[in-house]
Amino acid sequence: MNISRRFALLGVAGAAGAAGLVSLSGTNVPPAGVPAIADTAPPVALRREKVNLVAPPLVHPHNQVANQPPAIKEFKLTVEEKKIVVDEDGTTMHAMTYNGSIPAPLMVVHEGDYIELTLVNPATNTMAHNIDFHAATGALGGAALTLINPGEQTVLRFKATRPGVFVYHCAPGGPMIPWHVVSGMSGVVMVLPRDGLKDAQGRPLHYDRVYYVGESDFYIPRDEKGKFKTYESAGEAYPDMEQTMRGLVPSHVVFNGKVGALTGKNAMTSHVGETVLIVHSQANRDTRPHLIGGHGDYVWESGKFSNPPETNLETWFVRGGSAGAALYTFRQPGVYAYVNHNLIEAALLGATAHFKVDGKWNDDLMTQVQAPAPIKTA
């Protein structure tokens, strides 16, 4: 059916707000009984630290072991609505992003720190946006307290009480929630234990590098000839996209926003002997990360560092709406494919990344005993 531009951009979310999910009023009134500002604030003596976020797969500098008491960590996310190209054929989509990247940046704090987020929705945008932190304690993960229209900004503070990796995403209400999420609006908060990562016996674990792989499922509509459609705006695309989403069959399953985003010259890099922490999120669907030619030496499959890590996994499972973490020490050089081991999604829909590892080859771990040659006959 046809849908007006205003209904596509704001009306559905407004209807959801009227039902008690969120509010789109000019003053953004929280649900009844929830104060706009907490009754008690953290001690004024707490140190403040401004953190400059970076685009994935990179992660901003941080200490793996906390060397100071808990602090208020200040972050800023700016909503950017923009048209992106998602594959080598030039297929386009009207994306919704935090800070312009898919996935949104990974934020690192330690257990006991406070996350203080400034969320900005520039006047040049067309839709209301907010943020639901799975790491937060409080109804809707802060979504009702952060819903802002174009031209507004808000500040939310919450205490990081549980160690692990946690998804955050936009959740403006009703059908707008899946639309915004599968259009790119999700990221991860990593809450490290204050004394760092540990194995099942309590021994310390360390990583030399950390990469964040955000997996997305896109639902780009096709025309009657099977060609991907293009639209002038997100509002124009919404009716077709909603119908496509209802089919639950993605047109693309990609890492970091597009097919090939982490391959070739954009491959993640490492060296033999280095230990890499891979954080993997999927805000909407289940996924099965797998490093071809490597393993998960230590894997927090559910993403929660208070649980002992599993060891030596070939493939691990990340539930939709969550993130997982895996440590691997590279032992051989070469190009490693890192995939969603639904191989249809990896090979045909785009869920493949590469690690490019340099160093010296170890024949004891693997060697070619005989090169390919014609079959010998008796």
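The values are calculated or read from the model by the stated rules, or taken from the named source; none is laboratory data. Quick caveat, the model's predicted, so the values are computed rather than measured. Please note: Cβ atoms are built from the backbone with ideal geometry, for glycine as well, and neighbour counts cover all protein chains shown. Only protein heavy atoms, including side chains, enter the accessible area calculation; ligands, DNA and RNA are left aside. Shrake-Rupley method; radii C 1.70, N 1.55, O 1.52, S 1.80 Å.
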For this session: Kindly indicate which of GLY173, GLY164 is of a type outside the set (D, E, K, R), closer than 30 Å to PRO309 by Cα and open to solvent by less than 20 Å² (accessible area, probe 1.4 Å).
Result: GLY164
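Out of the residues in the stretch 71-92 that are farther than 20 Å from HIS169 by Cβ and in a loop (DSSP other than H, G, I, E, B), which is most open to solvent (accessible area, probe 1.4 Å)?
Once the filter is applied, the top-ranked residue is GLU88.
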Exercise. Does TYR231 satisfy the condition of being more than 14 Å from the chain's Cα centre (by Cα), surrounded by 21 or more Cβ atoms within 10 Å (Cβ to Cβ), farther than 30 Å from VAL272 by Cβ and at pLDDT 95 or above?
Worked result: no
Exercise. Out of the stretch 33-67, which residues are touching a strand residue (DSSP E or B) at 6+ places or on another chain (Cβ under 7 Å), modelled with pLDDT of 95 or more and either hydrophobic (A, V, I, L, M, F, W, C) or not in a strand (DSSP E or B) (or both)?
Worked result: VAL51, LEU53, ALA55, PRO56, PRO57, VAL59, HIS60, HIS62, GLN64, ALA66
Exercise. Would you say ASP364 is outside any strand (DSSP E or B), out of contact with any Asp or Glu (no Cβ under 6 Å at 6 or more places or on another chain) and among the charged types (D, E, K, R)?
Worked result: yes
Seminar exercise, completed: Residue pairs within 8 Å by beta carbon, gap of at least six or interchain, first lying in the stretch 48-71 and closer than 20 Å to ALA104 by Cα, second open to solvent by 50 Å² or more (accessible area, probe 1.4 Å) and in a loop (DSSP other than H, G, I, E, B), listed first then second, are LEU53/ASN99; ALA55/ASN99; HIS60/ASN52; HIS60/VAL54
Problem set entry | the stretch 261-301: number of residues that are open to solvent by 10 Å² or more (accessible area, probe 1.4 Å) and either in contact with a Gly (Cβ under 7 Å, 6 or more places away or on another chain) or not polar (S, T, N, Q) (or both) | 20
Seminar exercise, completed: Scanning the stretch 94-129 residue by residue, the ones that are open to solvent by less than 10 Å² (accessible area, probe 1.4 Å) and either of a type in the set (A, V, I, L, M, F, W, C) or at pLDDT below 95 (or both) total 12
Problem set entry | Among residues of the stretch 346-361, those that are within 13 Å of VAL259 (Cβ to Cβ) and in a loop (DSSP other than H, G, I, E, B), counted | 4
Exercise. Among the candidates ALA325, ALA353, which residue alone is surrounded by 15 or more Cβ atoms within 10 Å (Cβ to Cβ) and closer than 30 Å to GLY112 by Cα?
Worked result: ALA325
Exercise. How about the stretch 248-291: which of its residues are closer than 12 Å to SER216 by Cα and hydroxyl-bearing (Ser, Thr, Tyr)?
Worked result: SER251, SER281, THR287
Problem set entry | Selected residue [surrounded by 15 or more Cβ atoms within 10 Å (Cβ to Cβ) and more than 30 Å from ILE72 (Cβ to Cβ)] from TYR211, TYR219 | TYR219
Seminar exercise, completed: Over the stretch 251-287, the set of residues over 30 Å from ASP240 (Cβ atoms) and in contact with a His (Cβ under 6 Å, 6 or more places away or on another chain) is ALA267
Seminar exercise, completed: By residue number, the members of the stretch 202-220 that are of a type in the set (D, E, K, R), over 16 Å from HIS60 (Cα atoms) and in contact with a strand residue (DSSP E or B) (Cβ under 7 Å, 6 or more places away or on another chain) are GLU215, ASP217
